[in-house]
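The structure appears right after this line, and notes come after that.
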Amino acid sequence: MSIQEIENEIVEEFSMFEQWDDKYQYLIDMGKSLTPIEEKYKTPDRLIKGCQSQVWLHTELTGGKIIFHADSDAIITKGIVALLVRVFSNHTPKEIVDAQLTFINKIGLAEHLSPTRANGLVSMIKQMKLDAFALQSNSKME
Amino acid sequence: MNYDIKKYRSDFPILSREVYGKPLVYFDNGATTQKPKSVIDSISDYYSRYNSNIHRGVHHLSQKASFAYENARATVQKHINANSANEIIFTRGTTESINLVAYSFLRNRLTPGDEILITEMEHHSNILPWQSLCEEKGAVLRIVPVNDNGELEIASLQKLLSPKTKFFAFTHVSNTLGTINQAKEIIELAHAANITVLVDGAQAIPHMQVDVQDLNCDFYCFSAHKIYGPTGIGALYVKEDILNDMIPYQTGGGTIKTVSFEKTVYVDGPLKFEAGTPNIEGAIGFAKALDYVNEIGMENIAMHEHKLLVYATEKMKAIPAMRIIGTAKEKAGVISFVVGKIHPFDLGTILDQQGIAVRTGHHCTQPLMERFGVPGTVRVSFGLYNTKEEVDLFIMALEKALKMLS
């Protein structure tokens, strides 16, 4: 599935919820079901700045595709990270760098995201793209 | 006494708005308070009718603006019972007040090996200026610890006061724990050891009647926006003999008697520290805010907030896994808490969705968070317009959040 297709899928899932609490419950559940990152990857260099809660991101390149592993100490943040991992993982660095994410607005979360969290979200996306870009450059050099 | 909460609430236009379709419950007063209409109107009135630069013009508007600005200074003076309006410097707020003292008073008096004393419960704004000064001057920063209830350990304080101690800065009320420090006694101890004392009054000023002569502090700092006034203005009280012995913080227009390229002579009094065109409308709004709280009476406000504190604390204690951080005997209307292992950020988010505005995070007191072994807390802080019904709404919203998050 392309990034766009996964985004559409998420938008459809969220369209079923009319109430804010159902949306957030879904996000919380997604946070809970995200595979936790291995403890050894919870290092300061994998910590994303700009979040009120802590977010760790570990990025790997396998067979030309990027795999993201992420975690957070706050469950709602973890839910948001889980969405991003789902959207971005298993795509090429170029696809990730070029992606113009639209689902966050469409699922009606952006309007609820406070500036601190919105910044955290922006930092997360930026870091994922930076990691993808760095791994792409490295693999070209090899 | 009859505390006319309905009337007071109607004085604050913002309180009638909704958030996500739910009535706003504003419990983030420790961060900033809402503004009554009289304050908002005074600022608009200034710009509509007599906006002008102060202290320089001979024309009518300038005189009117200058009078309002100096009148505001007198209002601040009366509010904290300073001896003279010359002891009140307008600043951008508590943070600037503290930085001003660090630079204009202490910097030239500090030598290597000297000690500055602060406490474990200080806001970063009352840590960083001193830490930076210590680094510059080769001085040492010493810390008075707090006990498990979040009260200062007075025995440790007594031991830490030494001939090396040049300065002691502490908060009157902790923004995170709500602890009310016994400022008068603490100041007496420091003065007995011949140490100059600064009190960070940012959180005390909205919750109690402050009397700087009774406290006998050398410096007292606070911000207007925490006592229902505008942001960007605050005050620094300095005992007059100390003030006259301080160097300017910033230099520029409005601070001088005469300037030549060889030598500048500065004016006496607070204007020496107010370089440039000041925040005139801020000072006017500040004075209006003080008029407003004095009409209700600080004692009455303190009593009202104390009732809310007791009521909310009791209700919260009934919630399983609730841990209230800060259980001092003397507390202002501030409750910091965590529940089980739930991240404060998650609680804050779900509370926000229900129209409840609280603070989450470290509250600019990271060393204190470390002391209590938490990454952060959720903090509710009350203002004069909050009600028991709002506490009930908060408890309901909190229970819903806990259900969703556990």
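The combined condition, being within 14 Å of chain A (Cβ to nearest Cβ) and under 24 Å from the mean Cα position of the chain (by Cα), is not fulfilled by residue B:333. Among the residues making up the stretch B:359-406, those that are among the aliphatic types (A, V, I, L, M) and open to solvent by 70 Å² or more (accessible area, probe 1.4 Å) are B:393, B:396.
Out of B:401, B:397, B:318, B:302, I need the residue that is under 23 Å from the mean Cα position of the chain (by Cα) and outside the structural domain of residue B:171 (by TED's automatic domain parsing). Which one? Can you show your working first?
Working: B:401 fails: under 23 Å from the mean Cα position of the chain (by Cα); B:397 fails: under 23 Å from the mean Cα position of the chain (by Cα); B:318 fails: under 23 Å from the mean Cα position of the chain (by Cα).
Within the list B:401, B:397, B:318, B:302, the selection yields B:302.
Here residue B:255 fulfils each of the conditions (1) polar (S, T, N, Q); (2) open to solvent by less than 10 Å² (accessible area, probe 1.4 Å); (3) under 16 Å from the mean Cα position of the chain (by Cα) apart from (3).
Checked against the criterion of being surrounded by fewer than 22 Cβ atoms within 10 Å (Cβ to Cβ) and farther than 17 Å from residue B:236 by Cβ, the stretch B:194-203 contains one or more residues that satisfy it.
Table: residues versus (1) in contact (Cβ under 8 Å) with a residue 60 or more places away in the chain; (2) within 14 Å of chain A (Cβ to nearest Cβ); (3) assigned to a strand (DSSP E or B).
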{"position": "B:314", "(1), (2), (3)": "no, no, no"}
{"position": "B:345", "(1), (2), (3)": "no, yes, no"}
{"position": "B:364", "(1), (2), (3)": "yes, yes, no"}
{"position": "B:368", "(1), (2), (3)": "yes, no, no"}
{"position": "B:380", "(1), (2), (3)": "yes, no, yes"}
{"position": "B:384", "(1), (2), (3)": "yes, no, no"}
{"position": "B:394", "(1), (2), (3)": "yes, no, no"}
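Looking only at the stretch B:1-16, residues that are within 26 Å of the chain's Cα centre (by Cα) and part of a loop (DSSP other than H, G, I, E, B) come to 4 in all.
Would you check if there is a residue in the stretch B:326-335 being over 19 Å from residue B:206 (Cβ atoms) and open to solvent by less than 10 Å² (accessible area, probe 1.4 Å)? Scanning the stretch B:326-335 turns up no residue that is over 19 Å from residue B:206 (Cβ atoms) and open to solvent by less than 10 Å² (accessible area, probe 1.4 Å). Of all residues in the stretch B:349-358, those that are within 13 Å of residue B:404 (Cβ to Cβ) and surrounded by 22 or more Cβ atoms within 10 Å (Cβ to Cβ) total 3. Restricting A:37, A:67, A:76 to those that are within 16 Å of residue A:127 (Cβ to Cβ) and surrounded by 18 or more Cβ atoms within 10 Å (Cβ to Cβ) reduces the list to A:37.
Only one entry in B:25, B:19 is over 21 Å from the mean Cα position of the chain (by Cα), open to solvent by less than 10 Å² (accessible area, probe 1.4 Å) and over 28 Å from residue B:243 (Cβ atoms), namely B:25.
Only strands (runs of 3 or more DSSP E) whose full extent lies in the stretch B:202-265 are considered here, and the ones with at least 1 residues that are closer than 23 Å to residue B:171 by Cβ are B:219-223, B:234-238. Of B:282, B:276, all but one fail to be closer than 26 Å to residue B:235 by Cα, open to solvent by less than 70 Å² (accessible area, probe 1.4 Å) and not in a helix (DSSP H, G or I); the exception is B:276.
Pairing residues of the stretch B:238-255 that are more than 10 Å from residue B:266 (Cα to Cα) with residues that are open to solvent by 60 Å² or more (accessible area, probe 1.4 Å) and among the charged types (D, E, K, R), at Cβ distances under 9 Å and at least 6 apart in sequence or on separate chains, gives B:243/B:268; B:244/B:268; B:253/B:56.
Got at least one residue in the stretch A:41-52 being in contact (Cβ under 8 Å) with a residue 40 or more places away in the chain, among the small types (Gly, Ala, Ser) and at positive phi? Scanning the stretch A:41-52, I find at least one residue that is in contact (Cβ under 8 Å) with a residue 40 or more places away in the chain, among the small types (Gly, Ala, Ser) and at positive phi, so the answer is yes.
The values are calculated or read from the model by the stated rules, or taken from the named source; none is laboratory data. Everything quoted here is computed from the prediction, not taken from an experiment. Heads up, the Cβs are rebuilt from the backbone with ideal geometry, glycines too, and the neighbour counts pull from every protein chain shown. Remember, those area values only see protein heavy atoms, side chains included, never the ligands or the DNA or RNA. Shrake-Rupley method; radii C 1.70, N 1.55, O 1.52, S 1.80 Å.
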